[in-house]
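A.B. asks: Below you'll find the structure I mean.
No lab work stands behind these numbers, since they all come straight from the coordinates. Just so we're clear, the structure is a prediction, and the values are computed from it rather than from any experiment.
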Amino acid sequence: MQFLKVLTTVAIGVLLVAPMAQAKNYTVQMGANNGRLIFVPNTLTLAKGDTVNWTVGKAGPHNVVFSKAPAGVDVKAISHTKLVAKTDPSFVSTFATPGDYAYNCVPHKGAGMVAKITVK
């Protein structure tokens with residue numbers, strides 16, 4: 001009986017200190033290294049709470065403007081409208097709401113610089 005009590009206590013302790021799922025950091029490059037006007041990668045699937053670091057590749061300046069987001073998410077509030085030509089500073093976004101997000105680079109949207117993020 002004492003052994004069962006100790007085992008139960010140990011099992012509960014392990015569950016309480018088990019690591020929680022850690023948020024991950026991803027990088028999306030604005031403009032490919034070969035000069036193509038694309039986001040690299042142009043599709044990305046994230047978990048709730050993950051972060052995207054937006055960095056500048058070539059053929060800048062670029063920005064990240066969201067045209068679609070899940071209900072309740074303000075696309076203007078999550079967009080980075082300032083044009084950036086250098087890697088530093090870069091933009092950072094954390095995605096807390098599950099759903100689909102569509103975005104583009106305003107100056108290069110006509111050239112096909114559009115992409116999508118799905119948050120699970």
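A.B. asks: What is the gain in length, in nm to one decimal, between ASN42 and ALA23 on full extension, counting 0.36 nm per residue of separation less the C-alpha to C-alpha distance?
C.D. replies: 4.8 nm
A.B. asks: Of the listed pairs LYS48/LYS86; LYS76/LYS116; LYS68/LYS116; LYS24/LYS58, which have alpha-carbon separations greater than 18 Å here?
C.D. replies: Listed pairs above 18 Å: LYS48/LYS86; LYS24/LYS58.
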